[in-house]
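Enquirer: Structure below; questions to follow.
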Amino acid sequence: SRLVVARAFTMSALHAAGGCVSTVDDLSRFTEALLGGRLLRPETLERSLEPVRLAGGRLGATSNGGWQLDRVAGRRAAMKGGALPGVCTWLLAVPDDSLAVVLLTNRSAGQPRCGMLAVQLAGIAAGR
């Protein structure tokens with residue numbers, strides 16, 4: 001492992017890219033409240049997790065709520081992530097198992113990718 005200095009980046013140019021400041025504990029509580037029905041009614045959450053329907057009737061890889069959809073250990077998973085120079089973050093939820101992975105790193109995007117790492121951690125946590 002070697003130290004790599006992230007390139008300079010102006011945080012004033014983020015616009016909709018984020019720039020939120022949070023902690024693993026805060027994001028864990030947020031996800032627990034989201035999956036536990038304390039932020040949205042369960043039927044609203046379910047609607048937000050449904051895949052978008054594309055032209056021709058195919059289902060997309062993102063949901064009506066803007067989540068990236070995938071499967072973890074055979075279970076449906078919804079996730080959001082992002083990266084800027086010097087930071088890579090990921091929030092992955094497996095709603096049917098009340099399981100979540102919050103990944104906050106001070107590294108730039110690259111190998112291993114944060115999303116892939118979050119999926120692997122969720123698989124380990126699910127015992128699969």
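Enquirer: Strictly under 4.7 angstrom between C-beta atoms: which cysteines of the chain have no such partner?
Expert: So far as the 4.7 Å Cβ criterion goes, Cys20 stand without a partner in the chain.
Enquirer: By its C-alpha gyration tensor, with a ≥ b ≥ c as the square roots of the eigenvalues, how is region 16-128 shaped: rounded for a/c under 1.5, else prolate for a/b larger than b/c, else oblate?
Expert: Rounded, because the longest to shortest axis ratio a/c is under 1.5.
Enquirer: Loop-only trypsin sites (Lys or Arg not before Pro) in region 14-87, please: DSSP not H, G, I, E or B, and at most 12 other Cβ atoms within 10 Å. The partial results should precede the final answer.
Expert: Details: sites: Arg29, Arg38, Arg47, Arg53, Arg58, Arg71, Arg75, Arg76, Lys80; in loops: Arg38, Arg58.
Taking region 14-87 and a limit of 12 other Cβ atoms within 10 Å, the loop trypsin sites (Lys or Arg not before Pro) found are Arg38, Arg58.
Enquirer: Distance in nm between label sites at Thr23 and Ser48, each 7 Å beyond Cα in the beta-carbon direction?
Expert: Roughly 2.3 nm, to one decimal.
Enquirer: How much area per residue is accessible in region 51-101 when the probe is 1.4 Å and only protein heavy atoms are counted (Å²)?
Expert: The answer is 51 Å² per residue.
Enquirer: Now for a different question. Given R₀ = 35 Å, what would the calculated FRET efficiency be for Arg38 paired with Thr10, taking r from the Cβ atoms and rounding to 0.05?
Expert: 0.45
Enquirer: Enumerate the calculated ³J(HN,Hα) couplings along region 65-78 in order (Karplus 6.51 cos²θ - 1.76 cosθ + 1.60, θ = phi - 60°), each rounded to whole Hz, writing x wherever the residue is Gly or Pro.
Expert: x, x, 7, 7, 9, 7, 10, 10, 6, x, 10, 5, 9, 10
Enquirer: Now for a separate question. At a 1.4 Å probe radius, carbon and sulfur cover how many percent of the accessible area of region 22-128?
Expert: On the way: 3420 of 6300 Å².
Carbon plus sulfur share of accessible area: 54 percent.
Enquirer: Also: Treat every Asp and Glu Cβ in the chain as -1 and every Lys and Arg Cβ as +1, leave all other atoms uncharged, and give the resulting dipole magnitude about the Cα centre to the nearest 20 debye.
Expert: Details: 15 positive and 9 negative charges, 79 e Å.
About 380 debye.
Enquirer: Related question: As an exercise, use a Förster radius of 35 Å and the Cβ-Cβ distance of Thr105 and Asn64 to find the FRET efficiency, rounded to the nearest 0.05. Write out the running numbers ahead of the final one.
Expert: Numbers: r = 29 Å, r/R0 = 0.82.
Between Thr105 and Asn64 the formula returns 0.75.
Enquirer: For region 54-93, what class follows from the C-alpha gyration tensor (a ≥ b ≥ c being the square roots of its eigenvalues): rounded when a/c is under 1.5, otherwise prolate if a/b is larger than b/c, else oblate? Write down the numbers at each step before the final one.
Expert: Details: a/c = 3.15, a/b = 1.60, b/c = 1.96.
Judged from the Cα gyration tensor, region 54-93 comes out oblate (a/c at least 1.5, b/c at or above a/b).
The values are calculated or read from the model by the stated rules, or taken from the named source; none is laboratory data. This is a predicted model, so every value here is computed, not measured. Every residue, glycine as well, gets a Cβ built from its backbone with ideal geometry; the counts of neighbours run over all protein chains shown. The protein model used for the area step is the full one, side chains on, heavy atoms only, and it has no ligands, DNA or RNA in it. Shrake-Rupley method; radii C 1.70, N 1.55, O 1.52, S 1.80 Å.
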